[in-house]
Structures are given as C-alpha cells and as structure tokens.
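The values are calculated or read from the model by the stated rules, or taken from the named source; none is laboratory data. Since this is a predicted model, take the numbers as computed values, not measurements. Quick reminder, even Gly has a Cβ in these numbers, built from the backbone with ideal geometry, and neighbours come from all protein chains shown.
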Amino acid sequence: MDGLVRFYKQIPKAREILLSLLSDNEGEIPELKSGKAWDDVLREARLSRISPLIYRRLKKRNVPSVPDKFKKAVKRDYLSTLAFNLWLLDELNKLLKNFRVKGIKAIVLKGAFLAEKVYPDPGLRPMTDLDLLVRREEMASAHTVLETGGFQAIDQRRSHFPPPFTAYLNSLDYRRPGRTFPSIHLHWHLVNSGTPAPMFTEKVNMDKVWKEAVEIKMDGIDVLTLSPHHMLLHLCEHGLRVRHSLSQLILLFDIDRIIKYYGEELRWERVIEEGRAFGWDKLCFISLYAARRFVHAPVRPEIIKALWPEKLVWEDKIFYNLLKGKKQFPGASYFIYLGMNRGVFNKIRFILSTFFPPGPILAQRRYSSDVKNKYYWDRLGEVFSSLLRFF
C-alpha cells in the first residue's frame, strides 16, 4: 500500500516528464535523481497508454537523460501494441465483411478508427477491444453474425432484442468462449457508462448521428464512421466518463489528433451546436480546455469561450483544480456528473443510483446472468476506493 501511495504522489511529476518528452518544444527534461523515479514515469506512461508515442518521439529526439532501460521498455510496448493492433484490425476486417454480406451497417468507433486512420502508425494507439455502433433494430442480426463466427455475448441481456436505451450501459461484449481477446463491443447508443447519465442520455439524437455518419475506406472496405463534429464530441464525452476522468493522457492526444486529422473539415460551429443539444457542452469545454493546455491541441480560444458554462458549480471546481495540478484520477469526473444534477433531491437520487444501480446493469458489469448481493458490496468498494484517492 505504501508503494501505491508513493506512486500516486509521483503522478503529477511523471506526467510532467512525459509531456515534456512529447512536446514539440525541445527544452530540457526535468531531472530525475533515481532509477525508481524513471520506473514511476514508465508506469504512468503505460497507465496513460502513451508508451508507444514516447518510443516514436525518442527515435526522433535525442534525450541523453533518459535511461536505456526506459527506452528499451517503451520500444517493447510499441512492438507489442503494433502486433496486437494488426491482429485486432484483421478481426475487424473479417467482421465488417460478414456484416456487409447480411446488409448490416456499423459505425467504427474510437480505437480502431484512430489507430487505422488518424495516428500515423497503428502501433501508436493502444487498443483493448473493438467498438462498433449498430442500430438497435439490427442488433439481433449482428448478434447472429457474431455467434456464427464463434462469439458469445457475455451478458445477461443478450436475448433482449431490440435492446433498450438506458442511462447506464448500452452495449454488449462479445468474446470467443474461454478467450479474453478479441473483445467486440456492439453499441446501440453513444452513451455507455457504468455511472448513471440520465442528464444527457436522452438528449443524444441517435437518428442524427446515423444520418450524418460518413463513409470511408478501411483496409479496402467501405465502412461508416462518425461525422467529424460527432467524433470530436464523442471523444470529449468518452474521456470524461467516470472510469476515465481524463486520467489517461492518450485521451487528450486522441482529441489533439482528431482535430489535426480533420483540419478544415471540422466545423466548430457544429461542435458547439451539437454539444449543447446533446447536453455535452460542459464535458466538451473541459476536455478541449485540457487538451489545449496539456498537449497543445489546436483549439482556438474563442471555441473554449463559446463552450464556457454559464456557471462552474463547486463540484466542477473540484475536478478543475485536480486537472490543473495534473492530479486527475479514475473516478474524479464523478464530481462533474454530480454537478450536472441540480438541486439537493436530484443530487441525492444520483448518488443513490450510483451506489445502487439496477440489478441487471450491475450484473452486466460483472459478466453475470444473476444479480448477487455481493455485487452491491463490490460496488461500494469501487466508489470508496476512488474517494480514498481524492482524500
């Protein structure tokens, strides 16, 4: 426990080192006095999922103060990420071809799109799963295609088609029996959170998301991806989900890369308009502010000003102060979610629904078909462990 506490205290320093290494401004790297300190930097690089980016940067930039042990470690991370991603993208290619045969349209989300199209090398953007958005009405057909390919939904709601929209989880996780990878997440809504999000779930216009989706080619196959403005908004919302809370630096680099990738195609007036319509304007403001401040994402000041909330409530200020000190941790953005619930009654209801979500949702997060009392104790443990990081 003492080692973990020490590591959390070192996170701001480790993040400062990592951001300095990745900066275009080749200034001096803050000095570290021991190998153990570089071990902390490597650990944070892996937790933030940017060790492949660090490897690429060190290939171009000579930094004598970086130990060889660190350089070899990030090189291994890059090579393993590249091999794993190429395998995942091949699995995606096969699945999309099977979907196309059955006339099922799917939107490629987040990691696969970013690794294949946005980052200059598929080994630079780590992935753990494949995320696809499918219309609710086509979930049953998509389910059949995956089962035919040997996948099973490890979820108790797998027989409920079309699946309902919820303020929590809106996806199913498919895997081959006895295997962890590949994990294929089929989503039918952009909001997919273990923390209740009734504040904006119903505001997200999925018909508009589908209508404005863009057709592109990935590995020679015609596929759909989100429109530029919806893609950026989705990354902002995803980065501030409570389990992420912008605690991984890759989430900020994703925002930076997507803005640069689209360039003039990205219509900022649509980002602002849809952000407000979806109830994501505050999430967008905080994510873009953080990306601009820490990774120098090309977000113009007038965009930040246009998204600036009318009022930052005390819950927002807690997260904002953590962010300024580079101390954000998984769970920290719960304060933002809490602040979105106005009034004492709504806040109490939100807290209770966090501690005691619907049984099926809790069971789904445990990949179980049965709701057990133990899951509620586990849930309490999750919440309190996040609180301990804050205090």
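With the condition kept exactly as written, say whether any residue in the range 129-147 is touching a His at 6+ places or on another chain (Cβ under 6 Å), buried (at least 18 other Cβ atoms within 10 Å of the Cβ) and over 19 Å from ILE250 (Cα atoms).
Among the residues of the range 129-147, at least one is touching a His at 6+ places or on another chain (Cβ under 6 Å), buried (at least 18 other Cβ atoms within 10 Å of the Cβ) and over 19 Å from ILE250 (Cα atoms), which makes the answer yes.
I need the helices (runs of 4 or more DSSP H) fully contained in the range 330-391, keeping only those with at least 2 residues that are surrounded by fewer than 18 Cβ atoms within 10 Å (Cβ to Cβ) and modelled with pLDDT of 90 or more.
Passing ranges, in order: 344-355.
Any residue at all in the range 225-238 that's surrounded by fewer than 18 Cβ atoms within 10 Å (Cβ to Cβ), farther than 28 Å from LEU21 by Cβ and among the aliphatic types (A, V, I, L, M)?
No; the residues of the range 225-238 include none that is surrounded by fewer than 18 Cβ atoms within 10 Å (Cβ to Cβ), farther than 28 Å from LEU21 by Cβ and among the aliphatic types (A, V, I, L, M).
Considering every residue within the range 349-370, establish whether at least one is closer than 19 Å to PHE253 by Cα, basic (Lys, Arg), without any contact (Cβ under 8 Å) to a residue 60 or more places away in the chain and not assigned by TED's automatic domain parsing to the domain that holds ARG15.
Looking for residues that are closer than 19 Å to PHE253 by Cα, basic (Lys, Arg), without any contact (Cβ under 8 Å) to a residue 60 or more places away in the chain and not assigned by TED's automatic domain parsing to the domain that holds ARG15, one finds none in the range 349-370, hence no.
Is there a residue in the range 193-210 that is crowded, with 21+ Cβ neighbours inside 10 Å, farther than 23 Å from ASN93 by Cα, of a type in the set (A, V, I, L, M, F, W, C) and within 15 Å of the chain's Cα centre (by Cα)?
Checking the range 193-210: not a single residue is crowded, with 21+ Cβ neighbours inside 10 Å, farther than 23 Å from ASN93 by Cα, of a type in the set (A, V, I, L, M, F, W, C) and within 15 Å of the chain's Cα centre (by Cα).
May I ask you to list the residues in the range 43-74 that are closer than 23 Å to LEU252 by Cβ and in contact with a Phe, Trp or Tyr (Cβ under 6 Å, 6 or more places away or on another chain)?
Scanning the range 43-74 gives PRO52, TYR55, PHE70, VAL74.
Conditions tested, residue by residue: (1) modelled with pLDDT under 95; (2) within 29 Å of ILE54 (Cβ to Cβ); (3) touching a Cys at 6+ places or on another chain (Cβ under 7 Å); (4) small (Gly, Ala, Ser).
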residue: MET231; (1), (2), (3), (4): no, yes, no, no
residue: LEU240; (1), (2), (3), (4): no, yes, no, no
residue: ARG243; (1), (2), (3), (4): yes, yes, no, no
residue: LEU251; (1), (2), (3), (4): no, yes, no, no
residue: ASP254; (1), (2), (3), (4): no, yes, no, no
residue: GLU273; (1), (2), (3), (4): no, no, no, no
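Pull up the range 5-57, narrow it to residues that are in a loop (DSSP other than H, G, I, E, B) and among the β-branched types (Val, Ile, Thr), then point me to the one that is modelled with the lowest pLDDT.
ILE29
Within the range 112-142, count every residue that is outside any helix (DSSP H, G or I), of a type in the set (D, E, K, R) and more than 17 Å from HIS160 (Cα to Cα).
4
Name every residue in the range 51-102 that is farther than 25 Å from SER183 by Cβ and without any contact (Cβ under 8 Å) to a residue 12 or more places away in the chain, in order of residue number.
LYS59, LYS60, ASN62, PRO64, ASP68, LYS72
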